[in-house]
Structure formats: C-alpha cells, structure tokens
Amino acid sequence: MELTKTAFIENFKKRLGQKYALDVSDATDSELYDTLCSLVKSSYSAIWRHTWKDYLKENEKQAYYFSIEFLPGKLLKSNLLNMGWYQLVVDAFQELGLDFEKVAAVEPDMALGNGGLGRLAADFMDSLASEGYPVNGNGIRYKYGLFKQRFVNGYQVELPDEWLKTAAGNAWEIRRASKAVTVTMGGHVNLVQENDYLKPVYEDATLIQAVPYDVGMVGYHNQHVNTLRLWSAEIPDEAESQYPTIEDRRQIEDITAVLYPDDSNESGRRLRLKQEYFFVSAGIQSIVRHYKKYHEALDQISQRVAIHINDTHPAMCVAELMRILLDEEHLSWEKAWEQTVKVMSYTNHTIMAEALETWDIPLMNEIQPRILQIIAEIDHRFVTALAGKTDGQLIERTRIISGGKVHMAHLAIIGSHSTNGVAQLHTDLLESDVLHDFYMLYPERFNNKTNGIATRRWLQLANPRLAEVIDQTIGRNWRQDANQLQQLLDHQADSQLLDQLVQVKLANKQRLAKVIKQQTGVTVNPQAIFDVQIKRLHAYKRQLLNLLRIIKLYLDLKENPDLAIVPRVFIFGAKAAPSYHYAKSIIKCINETAALINHDQTIQDKLKVIFLENYGVSLAEQIIPAADVSEQISTASKEASGTSNMKLMLNGALTVATLDGANIEIKEQVGADNIFIFGLTKQEVYQYYQDHSYHSLDYYQQNPLIHRVLNTLVDGTIPNISAEGHEIFDSLTYLNDDYFVLRDFEAYLRIQDQVDETYRDQHKWQQMSLINIANACHFSSDGTVKKYASEIWNVRSVAQKGGVNVGYPL
Ligand code: NBG
C-alpha cells in the first residue's frame, strides 16, 4: 500500500484494535509503542524475506560479523528514519493527538555492550544494511544488558538492567525456535578410529539448546534488511528431566544471562569462556547448516562465506569451524585448514594487555575438550612448519599454547587471512610492537581500517536541528552520501550560516540543560562552554587529567573570585567495570569535586561539573549535539581509535586531543588550525618506557602548581575522599603515574587557555566548527564497511542505493 499519512493512521488504528482491542485514546504509551513497532516490522519483514532469498538466488558470498557486544541503543527512530517513515509518523501522531517522543521513550536501550567496541558493531550493522551488503551479525541475547549505573554518595552502584522485562520488551526480535542448534560443552572426549578418520566420542558432555533471536537491520532508503542474530541458551526439550531444580536450570540459562560477568574471579572467568564458546559454536553451526542446504562442497566454503572475529572474544571460531569440517564433514586437516584461514578475519581493538585474552589450559579443557585438542594440533603444526626456518624464540613467542595458557589473539591471527587495527597509529603499533612477531611472519595479513560512525544516528537522528540547517545549505543528498558534507567547506564565509550554527548549538544545550537539571538538580548556563568527556572510565583515557584541571580552576577562582574565565560546564559520562577499583575511585573523586564546586556560591556560573549517571547510547544522543569541546586526552599510543571523537566533531564540537588513535587522522583532515593538540607523542611515551626517565614524584615535588592541585586530594579540600583521594594521589606520585598525567598537565592547561581564547571569537569558533562538521564525513562508517567488504571479506553490494525518497511500503 502506498505510504500516506491517511493510510498510516488508518492502519495504525486498525492494528491497535486487533492487538489490544483499544482506541487510540484508551491506549497506554507502551501499547502505542508496541503497535507502532508491529506496523514497522510488518513493513520491513516482507523486504527482509526478499533480502535473504535474493542472496540465495544470486549465490552471494555472505559475511558474518561475530561480536560478543552489540550496542544498538533504541531502534524505533532509526528504523523509521531508514524506512523513510519518520516525518510522516511524527505528523500522524500529532494528528492523532499523541506525543510521539513520549511513546518512543518507552523503548529500552538495547545495551548489549560496554562501549566503543559494541557501538562500532552496531554502527557497522547500520552501514552494512544501508550500503546493501550481505553481512549479518552474530552475538548473544543477554537477558541483562550492561548494568544500570547509579551514584549513591558519589559511588558507582551497579543495578541489573532488566531490559527484556520492561513493558516494551524487545519488540524487534523474532524467536526462531526452528533454527535452534545444539551446543556441546564440558565432559570428556575420546577419538576412535572409524573408516579413515578419527571420530570424537563425547562422555558426560552437557548439551545446550541455542535458540536464535533475529533482529532486522534495516537499510537506509534501499529496501534491504540484514539480520542480527542473537543466541539464547536454553535446556533442550529432551533433557528437561536432567534439570529438575531451578538451580540446575540456572546453570544453563546463566550462560546468556549477563554481559561480561565479573571475570576477576574463577567462576566469572569460567562463565565468560562458556559464553564465548556458546555463541561461536551456535553461529558457526548455523552458518554451515545454511551453506549445506544450498551448496555441496564444503571444501569451497570460503567462496561463499566470510567470518569476522571482532576482538579476541570470538577467536574460537577458528577451532570450531575446524571441528565441524574435520569431525562432521570429514575433510582432511589440510583442506579444512586452508578453507578456515580463507574464511576468517580478525580485528584487534586495543593494545592493552588485559584485553588480549588468554585462558588456562585446564579451564579450556573443562569447557570444551575437543576444541582444546584442535587448538593444540593447530599449535603443533604451526611450530613444526616453522621449526628450523625461523628463530626459535620467535616461534615460542608466537605459538598459541605457551606458559600453560591458550593465547586467543595468536589463534585469531594464525587462523585467519587478515588482521586489522582500527586507526593508522594503532595498526602501526600492532605491526611495529604489539604484534610485531606476527607481522614478521605474515606481513601480507596486516591492514588498517580506521573506525567510522553512522551519520544517520549521530547526525540525522541525534541532531535534527543541525541536519535541517545542512539541508538548507547544501541540499539533502548528504543524507544518502555522507561525503557530500564536504560541500559545507564552500560556506565558511557565510555568516548567516555561522549564526545558525550558534542557534542550533544553543538549542541543543538548552535541551541538555533540562536533562541535567532533571537528573542532578543542578542548573547550568547554556551560554557556558559545554566541555564533554564521554567514554568508558579507564586510567588510560585520563578522565583524571580533566579532573585535575577542574580542581586547578576551582583553586584559581577561590583565590581570585573575579578572575575572568570563560564559564564552563564540564560534563562526564562513563561507566567503570564493576571490578575496576581504581576507575571507581576516580568516579567518586569527580562526584565529590562536582558537589563541592556546584554548591559553592562564590563560583557561581563560572564552573559547573556534571557527571551524568548511566551513560549509554541514548544519553550520548542527548549530550553529543550539545557539546562545544570534545575531550580526547588519552595517553598517546593507548587509545586504539576512539569513536566519540568522530561523533562529537560531526556535531560541531572542537577537539582537544593528544596525538592518539584516530585523533591523528582527524587532525590530518581538519588541519592543525582546527583542532587543539597537546601532550606527549607516542614516540615520546615509548622513549620514556625505554630509558625509564619519567619520575612523576619530581613533578609533584618540584612543580608548585601540581603540588597544590594534588594536595587537594589528600588534605580535605575535596571532602569525603580520604581513601580514594590517597589512592589516586599515590598512583600519580609514588607509583609513578603510569599514564603520564602529571607530565601532560601543563601542556593541557596551555591548550585549554587557547580554547578559551578561541571561544571568545565566536566567528572563528563557528568557522572551525563548520570545518569539523564538513570533514567528519571521512569517518562515516559507510566508507569503513566498504573497505572491509572489498579488502577483507570480498563481498559485494547487492542493493542499489535508493534515492532520498525510496521508502518502505506500508
Ligand atoms: C575499543 C577501543 C577504542 C575503539 C573501539 C572500537 C575495546 C576493547 N576497544 O579506542 O578502546 O574505538 O574499541 O574499535 O572496547
């Protein structure tokens, strides 16, 4: 049916009547939301069916993106936008006397991820569908999303995020019981000779039913819908009687209960490894089953299937595909291995050692003994093939099993044809340092794919005011093709446009000020600089550097209340991992500093510090459009890429940055004059590592300013932080400040002075802002996924890009 407002209203009322036997005026927001989702889903479902049937008809090669995190946030608005329905639905709701925003707010955030890694996966899914690529996601349907963060007396408290229990539940998923597979875990395995192959015989293994829940990933105006398949662990029907008590059942159901169970203890680690094998095995089994339905020769599977290992968590994909090709399909080891390496590819997302997973051999054996056998065989063959040909120590350093542990990154690299980093500097570091040994062995496997962001969510949806101004300036084609944003560069001298940017930013700041007031009770002045640092709480990201500067400003103002500074509102959003004690102490210190400053009458509006609770995708959508300053201040070399840097520049914030991750590429695009760069470079950081010449205590003892600022952590100036203040103080002084906070402090102060000075010249500021918006197109994830598709997976786009007006039918 043709999509018109009248037709939509008619269908909407009819659907509400069918589902709930209600009129519009009697329905709750949840019922209205559910009805709207149901209409949206019926529209794209027909197309969804065609999409995958077309893949089959055309015999398309398909790729599968395996990730333990997906962080899509809310999907209603993004589906409406991508389907071309957004404005029409808003208008229709208005005509019906309904509040669209209130209804949309009912949707729970799908928070199945921690941070950048999971959000990147979600932006990629949006871009892959919008660019028409045959690529599906594969992950876990956690019953509880990432914890809900609350602050109690300034401390982070974690509450369960029962997103599936909300009235709205997950309206987008389809449970596909018919596509369930069985995952085998635990027990023992013996190999018995049968004909000319070895057959594994399992004893006492646990069988788990993996049930997929599929979520449609709707492409932008192109009638193309991919699948995000999330697996849930259940007890197989035939095994019900083996699990008589609730406790028994929980052993199985807990496998997909929570995201990132606390792995600071053994039982947390065991559960984590189970999760990894569970979704890897379920995903690969279903891919192979699908492949076999339409193709015969498994020794050709790499021509039709690509599998992407997103970070090390799904690295067991290598061993699981080998297991199936060997044990179930009886391919020879050589053939199976050749195909596996061609199918697999791997992205590394961090150089932090803690994130390069290793597992104790006994634990791996306990979770899946057959997988351990296969990994051991891969390791053995790797060592044998290299023996005598290369330096023995290099072999020891690169082999998969060593020191009693299984090294997952080694498995991922050895078992795949491509390893990429996520920004140029990060890839360079992998090649020259972190993975240098592997780079010596397989230089051709390494490549860079700088991250990207979905402009649909981060500009069109999050910042409609800015989107409209851009439409008026360069037309609407940028909505289809982000590269068009560059046309804005022709308008740098258009003072009317620059004024409009001021108005847009102000309106967005007013909107955020309301959220802040509601959440914290603090009134902030929208004329102040909104200075934003939003990202996971981690020592290397240096929220602490920001905090020390805030304390310095506070001390300055206490000393001289008339000091003329440009008023600033510092805004933080960050969760700390539940077992990361130091990060939680930083949260406490920021909160106490905020309370001190926000309640100090002498400071007034010059300084406000806001730490918004429960940072996540939906909150980011409110904060980012309102930001003037983007804090990207990690210790050089530590941030693999960053993506909030890209989202903030797209929304016109100016970046204060170290030369780290993608900041370097942002600088290259906007030019050194349009970004505020400071601090140690990666070379300087590495030099310090080499000559051990950094002594942070000297900075404390010899620099009066640093002395004064650090003392506030321990002398009671900031109240209620006696333990946390000392902990942080010690880390920065006696424990030699791992992340060079003190070393970069003065450079940071100086660059921030430049920020103030520039902000005073609003014309210049807005021009810089415009240049940032225009150049953010270089970081569109549409462009990034094209490179993955052509350079790593070898899949092609199968949907034509629609025009701006190609919507989805009613
Ligand atoms: C994060 C990095 C970020 C990067 C994202 C996406 C993890 C393990 N890594 O710098 O810290 O932008 O991945 O690549 O979450």
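The values are calculated or read from the model by the stated rules, or taken from the named source; none is laboratory data. The structure displayed is predicted, hence computed values, not measured ones. All Cβ positions, even for glycine, are placed from backbone atoms using ideal geometry, and neighbour counts span all protein chains on display.
Does GLY803 qualify as being at pLDDT below 95 and within 29 Å of TRP458 (Cβ to Cβ)?
Spelling it out, GLY803 is indeed at pLDDT below 95 and within 29 Å of TRP458 (Cβ to Cβ).
Read through the list (1) in contact with a strand residue (DSSP E or B) (Cβ under 6 Å, 6 or more places away or on another chain); (2) surrounded by fewer than 18 Cβ atoms within 10 Å (Cβ to Cβ), then give the number of the only condition that THR51 fails.
(2) is the only condition that THR51 fails.
State whether one or more residues within segment 486-493 are buried (at least 18 other Cβ atoms within 10 Å of the Cβ) and within 30 Å of GLY84 (Cβ to Cβ). Quick ask: steps written out before the conclusion?
At the first step, the residues of segment 486-493 found to be buried (at least 18 other Cβ atoms within 10 Å of the Cβ) are 488.
Restricting the remaining residues to those that are within 30 Å of GLY84 (Cβ to Cβ) gives 488.
Within segment 486-493, one or more residues are buried (at least 18 other Cβ atoms within 10 Å of the Cβ) and within 30 Å of GLY84 (Cβ to Cβ).
Working only within segment 95-121, note down all residues that are among the hydrophobic types (A, V, I, L, M, F, W, C) and more than 9 Å from the ligand (Cβ to nearest atom).
LEU96, LEU98, PHE100, VAL103, ALA104, ALA105, VAL106, MET110, ALA111, LEU112
Could you check how many residues of segment 760-802 are touching a residue at least 24 places away in the same chain (Cβ under 8 Å) and assigned to a loop (DSSP other than H, G, I, E, B)?
First, pick out the residues of segment 760-802 that are touching a residue at least 24 places away in the same chain (Cβ under 8 Å): 760, 762-763, 765-789, 791-802.
Cutting the leftovers down to assigned to a loop (DSSP other than H, G, I, E, B) gives us 794-802.
Counting residues in segment 760-802 that are touching a residue at least 24 places away in the same chain (Cβ under 8 Å) and assigned to a loop (DSSP other than H, G, I, E, B) gives 9.
Mind checking whether some residue in segment 653-660 is within 30 Å of ASP562 (Cα to Cα), buried (at least 22 other Cβ atoms within 10 Å of the Cβ), in contact (Cβ under 8 Å) with a residue 60 or more places away in the chain and within 16 Å of the ligand (Cβ to nearest atom)?
yes
Please find, within segment 446-485, the residue that is farthest from THR784 (Cα to Cα) out of those that are touching a Ser or Thr at 6+ places or on another chain (Cβ under 7 Å), of a type in the set (A, V, I, L, M) and buried (at least 23 other Cβ atoms within 10 Å of the Cβ).
This residue is ALA482.
Cβ contacts < 7 Å: first residue more than 15 Å from ASN222 (Cβ to Cβ), restricted to segment 30-54; second residue surrounded by 17 or more Cβ atoms within 10 Å (Cβ to Cβ) and among the hydroxyl-bearing types (Ser, Thr, Tyr), any location; separation 6+ or different chain. Result?
Sorted first by the residue in segment 30-54, then by its partner, the list stays empty.
Could you check segment 336-352 and list, in sequence order, the residues that are part of a strand (DSSP E or B) and either more than 19 Å from THR450 (Cβ to Cβ) or more than 16 Å from the ligand (Cβ to nearest atom) (or both)? If you could, list the steps in order and put the result at the bottom.
Going through segment 336-352, the residues part of a strand (DSSP E or B) turn out to be 344-347.
Answer for segment 336-352, where residues must be part of a strand (DSSP E or B) and either more than 19 Å from THR450 (Cβ to Cβ) or more than 16 Å from the ligand (Cβ to nearest atom) (or both): just MET344.
Could you look through segment 301-348, keep only residues that are over 30 Å from the mean Cα position of the chain (by Cα) and among the small types (Gly, Ala, Ser), and pick out the one that is nearest to PRO134 (Cα to Cα)?
ALA336
Filter the helices (runs of 4 or more DSSP H) completely within segment 549-668 down to those with at least 1 residues that are within 19 Å of TYR759 (Cβ to Cβ) and out of contact with any Cys (no Cβ under 7 Å at 6 or more places or on another chain).
Those helices (runs of 4 or more DSSP H) span 617-623, 644-650.
If you take the residues in segment 269-325 that are crowded, with 23+ Cβ neighbours inside 10 Å, among the β-branched types (Val, Ile, Thr) and away from the ligand (no atom under 16 Å from the Cβ), which one is nearest to ALA376 (Cα to Cα)?
VAL318
Tell me which of these TYR64 doesn't satisfy, since it passes every other one: (1) within 16 Å of the ligand (Cβ to nearest atom); (2) of a type outside the set (Gly, Ala, Ser); (3) part of a strand (DSSP E or B).
Tallying (1) within 16 Å of the ligand (Cβ to nearest atom); (2) of a type outside the set (Gly, Ala, Ser); (3) part of a strand (DSSP E or B), TYR64 fails exactly one: (1).
So ALA467 clears everything in (1) within 16 Å of the ligand (Cβ to nearest atom); (2) closer than 18 Å to GLN766 by Cβ; (3) of a type in the set (Gly, Ala, Ser) except one condition, right? Which one?
Result: ALA467 fails condition (1) only.
In segment 719-732, how many residues are surrounded by fewer than 23 Cβ atoms within 10 Å (Cβ to Cβ) and either among the aliphatic types (A, V, I, L, M) or closer than 22 Å to THR658 by Cα (or both)?
Summing the residues that are surrounded by fewer than 23 Cβ atoms within 10 Å (Cβ to Cβ) and either among the aliphatic types (A, V, I, L, M) or closer than 22 Å to THR658 by Cα (or both) in segment 719-732 gives 2.
Identify all residues within segment 116-168 that are hydrophobic (A, V, I, L, M, F, W, C), in a strand (DSSP E or B) and in contact with a Pro (Cβ under 8 Å, 6 or more places away or on another chain); write none if there are none.
Result: PHE147, single match.
Somewhere in segment 748-759, is a residue among the acidic types (Asp, Glu), in a loop (DSSP other than H, G, I, E, B) and surrounded by fewer than 21 Cβ atoms within 10 Å (Cβ to Cβ)?
We begin by selecting, within segment 748-759, every residue among the acidic types (Asp, Glu); these are 753, 756-757.
Narrowing further to those that are in a loop (DSSP other than H, G, I, E, B): none.
Looking through segment 748-759, none of the residues is among the acidic types (Asp, Glu), in a loop (DSSP other than H, G, I, E, B) and surrounded by fewer than 21 Cβ atoms within 10 Å (Cβ to Cβ).
Would you be able to tell me the number of residues in segment 353-392 that are in a helix (DSSP H, G or I) and under 26 Å from GLY187 (Cβ atoms)?
Qualifying residue count for the region: 20.
Yes or no: LEU146 touching a Lys or Arg at 6+ places or on another chain (Cβ under 8 Å), at pLDDT below 95 and within 16 Å of the ligand (Cβ to nearest atom)?
Details: touching a Lys or Arg at 6+ places or on another chain (Cβ under 8 Å): yes; at pLDDT below 95: yes; within 16 Å of the ligand (Cβ to nearest atom): yes.
The answer is yes for LEU146.
SER781: surrounded by fewer than 23 Cβ atoms within 10 Å (Cβ to Cβ), modelled with pLDDT of 95 or more, small (Gly, Ala, Ser) and within 26 Å of the chain's Cα centre (by Cα), yes or no? If you could, list the steps in order and put the result at the bottom.
Numbers: surrounded by fewer than 23 Cβ atoms within 10 Å (Cβ to Cβ): no; modelled with pLDDT of 95 or more: yes; small (Gly, Ala, Ser): yes; within 26 Å of the chain's Cα centre (by Cα): yes.
Answer is no for this residue.
Does any residue in segment 552-574 that is at pLDDT below 95 come within less than 7 Å, Cβ to Cβ, of a residue that is outside any helix (DSSP H, G or I) six or more places away or on a different chain, and which pairs are these?
Filtered contacts from segment 552-574: PRO561/THR602.
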